[in-house]
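Engineer: Quick one: the structure is below, questions incoming.
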Amino acid sequence: MVDVPALVTQAREGRPRAVARLISLVEGASPQLREVMAALAPLTGGAYVVGLTGSPGVGKSTSTSALVTAYRRAGKRVAVLAVDPSSPFSGGALLGDRVRMSEHASDPGVYIRSMATRGHLGGLAWSAPQAIRVLDAAGFDVILVETVGVGQSEVEIASQADTSVVLLAPGMGDGIQAAKAGILEIGDLYVVNKADRDGADATARELNHMLGLGEARGAGDWRPPIVKTVAARGEGIDEVVEALEKHRAWMEEHGVLAERRRARAAGEVEAIAVTALRERIGDLHGDRRLDALAERIVAGALDPYAASDELIASLTGN
């Protein structure tokens, strides 16, 4: 058994091993997970969560590393949650982001963690919300969540971040991708990286045009800015940080930040409840109640929806 209160205290003191152990308990769905979450609950709410998403090859990891450098110059403690594709054989992550961000490895004010998706779609790992909670409670000022980079299915980051940053690059057809991938709805800030390449201005113009065709915005509504960067050289990164801080201030002023965090908490509760219910249903395989319902469906005496209602009622006691 792990001494959870001691681990939490050590994490608050900035000890990376304690943070790593807490996240490992989350990823492994430890029997002590409830104790961990209960201990962390009063300590959360201080971190600014920024999600970075975009197609593979746009420079997400390079941009994330550049943002870490900028925030560290401002004296902020920064955590990076980098979601890597899972190996289909071991279920583990490639840890490529750790390799690319090795320049920050010796900085005690930076914590980098790679997480495997383990088959979860949407660009995030299933345990990402709880891992974000650990990093928040550990006292990090900024948490950068970098999605797996799977293209059109990674819009889930919008439900987990305070601010969502969508990265594009010229010459990758990202303008078309933006139009059909749903990212026009999730982006709070758009970054055209690799802006030293031909076509960067055209990509920015096309994106600006498509944003103009989107839903109507009233006076005072947030209009996502477009920032051009060359992350490999650190160019434009200060402008990205400035845009992020402006969006945070706007959200606080209009009550959007609190509303997003409430929605995030509600989604987390729903996911935990659905998972628990699914596990209980999974335990019913071979159970007479499930077999009896199946027999009635086959006989035409019951439809699957009514059967599922009966099953849920028997599981919940309602």
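Engineer: Looking only at the stretch 287-308, count every residue that is modelled with pLDDT under 90 and either within 17 Å of Leu277 (Cα to Cα) or open to solvent by 70 Å² or more (accessible area, probe 1.4 Å) (or both) and tell me the total.
Structural biologist: 5
Engineer: Inside the stretch 249-280, can you point out the residues that are open to solvent by less than 50 Å² (accessible area, probe 1.4 Å) and charged (D, E, K, R)?
Structural biologist: Arg264, Glu268
Engineer: Check the stretch 213-222 and report whether any residue there is of a type in the set (Lys, Arg) and farther than 26 Å from Gly54 by Cβ.
Structural biologist: The initial filter retains those residues of the stretch 213-222 that are of a type in the set (Lys, Arg), namely 217.
Cutting the leftovers down to farther than 26 Å from Gly54 by Cβ gives us none.
Among the residues of the stretch 213-222, not one is of a type in the set (Lys, Arg) and farther than 26 Å from Gly54 by Cβ, which makes the answer no.
Engineer: Still on this structure: For a quick check of your reading of the model, give me the residue pairs whose first member lies in the stretch 103-114 and is under 14 Å from Ala20 (Cα atoms), whose second is among the small types (Gly, Ala, Ser) and open to solvent by 20 Å² or more (accessible area, probe 1.4 Å), with beta-carbon atoms closer than 8 Å and at least 6 apart or on different chains.
Structural biologist: That search, which allows pairs on different chains as well, returns Pro108/Gly14; Ile112/Ala105; Arg113/Ala20; Ser114/Ala93.
Engineer: I'd like to know if the stretch 161-174 contains one or more residues that are open to solvent by 20 Å² or more (accessible area, probe 1.4 Å), among the acidic types (Asp, Glu) and at pLDDT 85 or above.
Structural biologist: Step one: list which residues in the stretch 161-174 are open to solvent by 20 Å² or more (accessible area, probe 1.4 Å), which gives 171-173.
Within this subset, residues satisfying the condition of being among the acidic types (Asp, Glu) are none.
Checking the stretch 161-174: not a single residue is open to solvent by 20 Å² or more (accessible area, probe 1.4 Å), among the acidic types (Asp, Glu) and at pLDDT 85 or above.
Engineer: From the list Ala200, Ala137, Ala181, pick out the single residue that is at pLDDT below 90 and either in contact with a Cys (Cβ under 7 Å, 6 or more places away or on another chain) or open to solvent by less than 40 Å² (accessible area, probe 1.4 Å) (or both). Even if it seems obvious, please write down each step before you answer.
Structural biologist: Working: Ala200 fails: at pLDDT below 90; Ala137 fails: at pLDDT below 90.
So the residue among Ala200, Ala137, Ala181 that is at pLDDT below 90 and either in contact with a Cys (Cβ under 7 Å, 6 or more places away or on another chain) or open to solvent by less than 40 Å² (accessible area, probe 1.4 Å) (or both) is Ala181.
Engineer: Which one of Arg278, Arg288, Arg260 is touching a residue at least 40 places away in the same chain (Cβ under 8 Å), on the phi < 0 side of the Ramachandran plot and out of contact with any Leu (no Cβ under 9 Å at 6 or more places or on another chain)?
Structural biologist: Working: Arg278 fails: touching a residue at least 40 places away in the same chain (Cβ under 8 Å); Arg288 fails: touching a residue at least 40 places away in the same chain (Cβ under 8 Å).
Answer to the selection: Arg260.
Yes/no per residue for (1) at pLDDT 95 or above; (2) part of a loop (DSSP other than H, G, I, E, B); (3) within 24 Å of Val142 (Cβ to Cβ):
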{"position": "Ala216", "(1), (2), (3)": "no, yes, no"}
{"position": "Met251", "(1), (2), (3)": "yes, no, yes"}
{"position": "Arg260", "(1), (2), (3)": "no, no, yes"}
{"position": "Ile272", "(1), (2), (3)": "no, no, no"}
{"position": "Leu277", "(1), (2), (3)": "no, no, no"}
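Engineer: Here is a further query. Taking the stretch 43-68, which residues are of a type in the set (S, T, N, Q) and closer than 26 Å to Gly171 by Cβ? Full working, then the answer.
Structural biologist: Taking the stretch 43-68 as the starting set, the residues that turn out to be of a type in the set (S, T, N, Q) are 44, 53, 55, 61-65.
Thr53, Ser55, Ser61, Thr62, Ser63, Thr64, Ser65, listed by residue number.
Engineer: Here are the criteria: (1) free of Cβ contacts under 8 Å to residues at least 40 places away in the same chain; (2) assigned to a helix (DSSP H, G or I). Tell me which single one Asp221 does not satisfy.
Structural biologist: For Asp221, the exception is condition (2).
Engineer: Sort through Val19, Val50, Val2 and tell me the only one that's aliphatic (A, V, I, L, M), open to solvent by less than 20 Å² (accessible area, probe 1.4 Å) and farther than 30 Å from Lys194 by Cα.
Structural biologist: Numbers: Val50 fails: farther than 30 Å from Lys194 by Cα; Val2 fails: open to solvent by less than 20 Å² (accessible area, probe 1.4 Å).
Every option except Val19 fails the conditions.
The values are calculated or read from the model by the stated rules, or taken from the named source; none is laboratory data. Just so you know, these numbers come straight off a predicted model, no measurement behind them. Neighbour counts are summed over all protein chains in view; Cβ atoms, including those assigned to glycine, are modelled from backbone coordinates with ideal geometry. Side chains are part of the model used for accessible areas, which takes the heavy atoms of the whole protein and leaves out ligands, DNA and RNA. Shrake-Rupley method; radii C 1.70, N 1.55, O 1.52, S 1.80 Å.
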